[in-house]
1. Name the one entry in Ala98, Ala59 that is open to solvent by less than 60 Å² (accessible area, probe 1.4 Å), over 21 Å from Arg200 (Cβ atoms), of a type in the set (A, V, I, L, M) and not in a strand (DSSP E or B).
2. Tally the residues that are assigned to a helix (DSSP H, G or I), aliphatic (A, V, I, L, M) and at pLDDT 55 or above, restricting the search to segment 1-56.
3. Filter segment 188-204 down to the residues that are farther than 15 Å from Val57 by Cβ and in a strand (DSSP E or B) and list them by number.
4. Does segment 147-163 contain at least one residue that is modelled with pLDDT of 90 or more, touching a strand residue (DSSP E or B) at 6+ places or on another chain (Cβ under 7 Å) and of a type outside the set (Ser, Thr, Tyr)?
5. Given the criteria open to solvent by 10 Å² or more (accessible area, probe 1.4 Å), modelled with pLDDT of 90 or more and either more than 30 Å from Trp32 (Cβ to Cβ) or in a loop (DSSP other than H, G, I, E, B) (or both), does Thr90 qualify?
6. How many residues, within segment 43-66, are within 21 Å of Gln103 (Cα to Cα) and under 16 Å from the mean Cα position of the chain (by Cα)?
7. Would you check if Glu130 is of a type outside the set (A, V, I, L, M, F, W, C), open to solvent by 20 Å² or more (accessible area, probe 1.4 Å) and modelled with pLDDT under 85?
Amino acid sequence: MDRARSIAILCGLVLGFLAPQRTPAGAAEDAWGALASLRSQIQGTSPLVADFEQTFVAAGFSTGDAEEGRISMDLPECIRWDYSGDFPKTFLLCGHVAYTWNQGEASGRRQFLGPEEQPGLELLRLEIDELRLRYRARLAEGLDGPTVELVPFDNGSPSAVAAGDGIRDAKVTISQDGTRLRALSYHDREGNLTRFEFTRYRTLEGREVFEPPA
């Protein structure tokens with residue numbers, strides 16, 4: 001899976017995973033409620049910026065590579081990922097247009113992401129009632145905070161295929177007060193695990209970072 005598509009999956013999951021068994025109605029309602037509240041809290045205080053650490057573990061391995069950077073959010077419209085390190089790079093998604101570029105280079109890449117190329121983005125853009133038609137959900141309690149676990153339906157419907165393309169399962173860990181995203185992890189269809197941990201949230205002054213370079 002290429003970087004741009006992986007980031008598209010992640011952008012959708014920023015506001016959003018177990019086996020597809022039947023979930024008790026009460027547990028599902030709690031999960032959807034927690035997800036809706038988180039999304040509302042983040043949107044209500046956007047634009048925000050936070051630090052992140054990303055770990056990628058390939059299928060069949062127990063350890064993987066780690067990267068660090070900064071995420072800027074002006075939800076529900078824009079998300080920007082700035083990776084630091086020896087080869088800094090940036091991914092910006094606003095609306096249905098994704099931009100990618102490397103720091104110091106004169107050119108980058110711009111692409112339109114149609115619905116079929118946006119696995120997981122519906123978690124960010126669709127209303128909860130629409131998401132219910134695509135995902136099973138349950139809420140679990142953990143040491144770091146409540147975790148919403150979702151898995152796409154695999155029932156052959158067009159919406160299920162679109163939702164499940166690229167994502168096998170995912171987990172979203174919410175802060176104890178329900179206002180911030182603490183961690184996000186997901187398995188893609190190949191079994192690779194991507195995990196992000198978010199720290200040091202603060203208010204972002206201005207929206208200049210959401211304008212791609214010329």
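The values are calculated or read from the model by the stated rules, or taken from the named source; none is laboratory data. This structure is a prediction, so every number in the text was calculated from the model and none was measured. As a convention, Cβ positions derive from the backbone with ideal geometry for all residues, glycine included, and neighbour counts pool all protein chains shown. Please note that ligands, DNA and RNA were not included when accessible areas were found on the heavy atoms of the full protein model with its side chains. Shrake-Rupley method; radii C 1.70, N 1.55, O 1.52, S 1.80 Å.
1. Numbers: Ala98 fails: not in a strand (DSSP E or B).
Residue meeting the stated conditions: Ala59.
2. So the first thing to find is which residues in segment 1-56 are assigned to a helix (DSSP H, G or I), and the list is 3-13, 25-45.
Then drop every residue that is not aliphatic (A, V, I, L, M), which leaves 4, 7-10, 13, 25, 27-28, 31, 34-36, 38, 42.
Remaining after also requiring at pLDDT 55 or above: 4, 7-10, 13, 28, 31, 34-36, 38, 42.
Qualifying residue count for the region: 13.
3. Phe198, Thr199, Arg200, Tyr201, Arg202, Thr203, listed by residue number.
4. Start the filter on segment 147-163 by keeping residues that are modelled with pLDDT of 90 or more, which leaves 147.
Narrowing the set further to residues that are touching a strand residue (DSSP E or B) at 6+ places or on another chain (Cβ under 7 Å) leaves 147.
Checking the rest, the ones that are also of a type outside the set (Ser, Thr, Tyr) come to none.
Taking every residue of segment 147-163 in turn, none turns out to be modelled with pLDDT of 90 or more, touching a strand residue (DSSP E or B) at 6+ places or on another chain (Cβ under 7 Å) and of a type outside the set (Ser, Thr, Tyr).
5. On the way: open to solvent by 10 Å² or more (accessible area, probe 1.4 Å): no; modelled with pLDDT of 90 or more: yes; either more than 30 Å from Trp32 (Cβ to Cβ) or in a loop (DSSP other than H, G, I, E, B) (or both): yes.
It is false that Thr90 is open to solvent by 10 Å² or more (accessible area, probe 1.4 Å), modelled with pLDDT of 90 or more and either more than 30 Å from Trp32 (Cβ to Cβ) or in a loop (DSSP other than H, G, I, E, B) (or both).
6. Here the count works out to 6.
7. On the way: of a type outside the set (A, V, I, L, M, F, W, C): yes; open to solvent by 20 Å² or more (accessible area, probe 1.4 Å): yes; modelled with pLDDT under 85: yes.
Yes.
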